[in-house]
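The values are calculated or read from the model by the stated rules, or taken from the named source; none is laboratory data. Source: prediction; values computed, not measured. We place every Cβ from the backbone using ideal geometry, glycine too, and count neighbours over all the protein chains shown.
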Amino acid sequence: MEILTPMETTALLLSLRVAGVAIALGLPLAVLAAWVLGRYSFPGKTLFDGLVHLPLVLPPVVTGYILLVTMGTKGVVGGWLYQTFGIKLIFTAEGASLAVAVTSFPLMVRAIRLSVEAIDGGLEAAARTLGAGPVDRFFTILLPLMAPGLLSGAIVAFAAAMGEFGAVITFVSNIPGKTQTLPLAIYAATQEPGGDAVAARLAAISFTVALLALMLSEFLANRVRRLIGQV
Amino acid sequence: MLDLQIRQSLGAFTLDIAFTAEERGVTALFGRSGSGKTSVINAIAGLTRPDEGHIRVGDTVFFDSARHVDVPVEKRRIGYVFQDSRLFPHMTVRSNLEYGLRRVPAAERRIAFGPVVDLLGLGHLLDRRPRGLSGGERQRIAFGRALLAQPRLLLMDEPMASLDAARKAEIMPYIERLRDEMNIPIVMVSHALDEVVRLATTMVLIAEGRVRGSGPVGTVMGRLDLSAVTGAQDAGAVLDLTVETHIPEDGLSVLAFDGGRLTVPQIDRPPGSAVRLHIHARDVIVALQPLAGVSLRNALTATVIELAEAGPSSADVRLAVGGSFLIARITRAAVRELGLMPGREVVALVKGVAFEPHSGGAVSDRHGRVVDV
C-alpha cells in the first residue's frame, strides 16, 4: 500500500510549493522591514510597524477578504495585473502563495527584527570608521549576524504558511489540485461522509511537517550561530 | 596639525572645546569620567555631529559648520580604537584586520599587513575568532584593524580601561611602538594619569566640557592651577631626561636634563635614550641651601615661580629647574618660616621618582613604580 494517496500527495506538494514561494518572495521584504524597524526611527514608524503586524491580529478570513477585494480580477491592483500582464491571482496557486505570504510576513519580521536589535550597534559604528558605507555594512556585518534569526524566522513562517486556512480559502477557494493545500484538504475531508480516516492521515502529515520544521529551525540556527562565532 | 574647535549640546552640559595638537606623537585628552572627552573624539571621527565649529587635520577639513562641510564617517579615514574593541565576532582575526584594508584602494596603502601583524604580535592569532581571546589580545587586534585602514589620524577611547593591570602593562609597549614607529598622529582619551604621563606628548585637560589647559605634558603637569583637575593625589611634575651614564657597581643610573642631573636606581636603557619621570609633589622637599649629612642624593638648584594653596594646611610650590618645572607640596607653615616667594633661589630635594619609559624598545620592569632615590 502506498503511504500517501495521489490526492494526499498532491495536497502536500501543493502546500510545500505555496509556502516555499511565499517565503522566498516575502523573506527579502521581511529582512528589509526588520532592518528598518530595528535600526531607524522615522515619522510614521508606529503606523508602519502596525501595518506589518496587522495580519497577525486580523482574522485570516478578513485578510483573505481584503485580498479578494483588492487583488481579484476586478480589484484595483488585481485588475491592473490581469489587464496589463494577464496575471490572475484569484483561484490560483500563486494567489494562495500571496495569501500565505501576507499572513506569515509578520512572523518573519518579528524573528528577524529581534536578531537585528540584538546586534551591537557599536559594530556598525566600527565598520563605518573602517570605511564601510550603509549597503556594505548591511551585507558584511548585519546580514551575517542576523542569519540565525533570519533562518529560524523563515522556517517557522514556512510551517505557519503551510497551515494557513482562512486567508487561502477566502481568496482562492478550495480547488483540489489547484488551491487545495493540506488544511483545506483536511477541511474538505471532514465535510464528506466517511472522510475521517483521510482527515486523520492528513492531520498526521501536517503534524509531522510542522514538528520537523521547528526542529530543523532550532538545529540550523544553532549551526549558524556557531558559524558566525556567537557560541 | 590637528585643529579643533567645537560646540555641542550634550544634555547635562555644553561641550565647548578648542585645541590644536602637533601632528606627530600622542595627544591625550585627560579628564574625569563624564567630562566630555569621548564626545570630542566621537566628533573627530564623525560619529556625532557638533552644533558648530570646525575639525581639521593638516589640509583636510572634516567638519566646518560655517562652510557646511561634514565628511561622512566612512569617508574620513580616521581610525578608531574603541574601549570595548568591537571586533566583528563572525570573522576571523585575519578578516577583522583586513576589513578596513580591503576598503582602501591598493595605490593608497602605505601600511602593509605583515609589518602590522609583527608589530602587534598577532601572527599566532590570525585564524582564530575574537571569541575566547583575552582583552589585551582583542585590543591589539583593534589597533591593527584601525591601522590597516590607513588612517590619517588614530583615535583611541580609553584603550586600556577595560584591562587589568597586567594586561595594561602588556598593551602599553605596543602603543609606544605605534607612536614611535608608525608616524600617525594619535589622539587618546584617558582618565588614568600614568597612561598620559607615559604615552602622551601633548596633554589636553578637560573638565565639564571645557579645556582647562593644553600643551606639552611637562608644562601642563607643572601648572599649579590644574592640580585639582589632574587629581590631588597624583599632583606632580613630569621631567623628560636622557640617560647619561650607568654606575653598575652602585646599581645606579645618572639622568640628565637642562636643569641638572638625577641619580636613580639603574634602569635598563642605553645611554642617550629618553626617559620620562613623574615626580610627585609630595616627594619634593624645599631647602634654602644645600644640605650636608643627609641620605638624599638628588638636589637641584631651583627658583620659586609661584605658590598656591593645596589644602587646609598645605601649599604647592612651583619651581623652575632649568627650563623644566617641579612641584613641591609642603606645609603652609614651612612656606611662612622659609620666607618662600616668587623669585627666591632654593634647593629642591627629590625623594622619589616614578619611571615612565618614554621611548620604544625595552621597557623597564620598574615602570610606573615609585622608587626612593
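Per the conditions (1) in contact (Cβ under 8 Å) with a residue 60 or more places away in the chain; (2) buried (at least 22 other Cβ atoms within 10 Å of the Cβ), the sole criterion not satisfied by residue B:16 is (2). For segment A:37-72, give me each residue that is touching a helix residue (DSSP H, G or I) at 6+ places or on another chain (Cβ under 9 Å) and of a type in the set (Phe, Trp, Tyr). A:42, A:48, A:65, listed by residue number. Taking the conditions exactly as written (of a type outside the set (Lys, Arg) and within 14 Å of another protein chain (Cβ to nearest Cβ)), does residue B:115 satisfy them or not? Against the criterion (of a type outside the set (Lys, Arg) and within 14 Å of another protein chain (Cβ to nearest Cβ)), residue B:115 does not qualify. In segment B:136-150 there is no residue matching the filter, namely being of a type in the set (A, V, I, L, M), over 24 Å from residue B:91 (Cβ atoms) and crowded, with 22+ Cβ neighbours inside 10 Å. Considering only residues in segment B:242-264 that are surrounded by fewer than 20 Cβ atoms within 10 Å (Cβ to Cβ) and of a type in the set (Gly, Ala, Ser), the one that is modelled with the lowest pLDDT turns out to be B:251.
Within segment B:40-59, the set of residues being more than 14 Å from chain A (Cβ to nearest Cβ) and under 19 Å from residue B:213 (Cβ atoms) comprises just one member, B:40. Answer yes or no as to whether residue A:179 is within 21 Å of the chain's Cα centre (by Cα), away from chain B (no Cβ under 14 Å) and buried (at least 21 other Cβ atoms within 10 Å of the Cβ). So residue A:179 passes the test. Screening the candidates A:213, A:147, A:199, A:185 for the property of being in contact with a helix residue (DSSP H, G or I) (Cβ under 8 Å, 6 or more places away or on another chain) and at pLDDT below 90 yields one hit, A:213.
Looking across segment B:303-319, the residues that are without any contact (Cβ under 8 Å) to a residue 24 or more places away in the chain and either buried (at least 20 other Cβ atoms within 10 Å of the Cβ) or assigned to a strand (DSSP E or B) (or both) come down to B:309, B:314, B:315.
The requirement of being under 30 Å from residue A:6 (Cα atoms) and either surrounded by fewer than 19 Cβ atoms within 10 Å (Cβ to Cβ) or touching a residue at least 24 places away in the same chain (Cβ under 8 Å) (or both) is satisfied by residue A:154.
Of all residues in segment B:94-105, those that are more than 17 Å from residue B:151 (Cβ to Cβ) and either buried (at least 22 other Cβ atoms within 10 Å of the Cβ) or without any contact (Cβ under 8 Å) to a residue 24 or more places away in the chain (or both) total 1.
If you check A:111, A:127 for being surrounded by 22 or more Cβ atoms within 10 Å (Cβ to Cβ), within 14 Å of chain B (Cβ to nearest Cβ) and on the phi < 0 side of the Ramachandran plot, only one passes: A:127. Among the residues of segment A:54-71, the ones that are surrounded by fewer than 20 Cβ atoms within 10 Å (Cβ to Cβ), over 15 Å from residue A:165 (Cα atoms) and touching a residue at least 12 places away in the same chain (Cβ under 8 Å) come to 1 in all. The set of residues in segment B:236-280 that are polar (S, T, N, Q) and under 15 Å from residue B:348 (Cβ atoms) contains only B:263. Scan segment B:283-293 and give yes if some residue there is surrounded by fewer than 15 Cβ atoms within 10 Å (Cβ to Cβ), acidic (Asp, Glu) and under 20 Å from residue B:348 (Cα atoms), otherwise no. There is no residue in segment B:283-293 that is surrounded by fewer than 15 Cβ atoms within 10 Å (Cβ to Cβ), acidic (Asp, Glu) and under 20 Å from residue B:348 (Cα atoms). Number of residues in segment A:181-231 that are of a type in the set (Gly, Ala, Ser) and under 22 Å from residue A:111 (Cα atoms): the value is 5. Screening residue B:66 with (1) over 21 Å from residue B:174 (Cβ atoms); (2) within 12 Å of chain A (Cβ to nearest Cβ) gives one miss only, at (2).
The strands (runs of 3 or more DSSP E) found wholly in segment B:179-287 and carrying at least 3 residues that are outside the structural domain of residue B:14 (by TED's automatic domain parsing), over 18 Å from the mean Cα position of the chain (by Cα) and of a type in the set (Val, Ile, Thr) occupy B:236-247, B:284-287. Residues of segment A:72-102 being buried (at least 18 other Cβ atoms within 10 Å of the Cβ), more than 19 Å from the chain's Cα centre (by Cα) and either closer than 30 Å to residue A:155 by Cα or basic (Lys, Arg) (or both), which ones? The answer is A:72, A:78. Of all the criteria given as (1) farther than 23 Å from residue B:30 by Cβ; (2) surrounded by fewer than 16 Cβ atoms within 10 Å (Cβ to Cβ); (3) not polar (S, T, N, Q), the one not satisfied by residue B:91 is (2).
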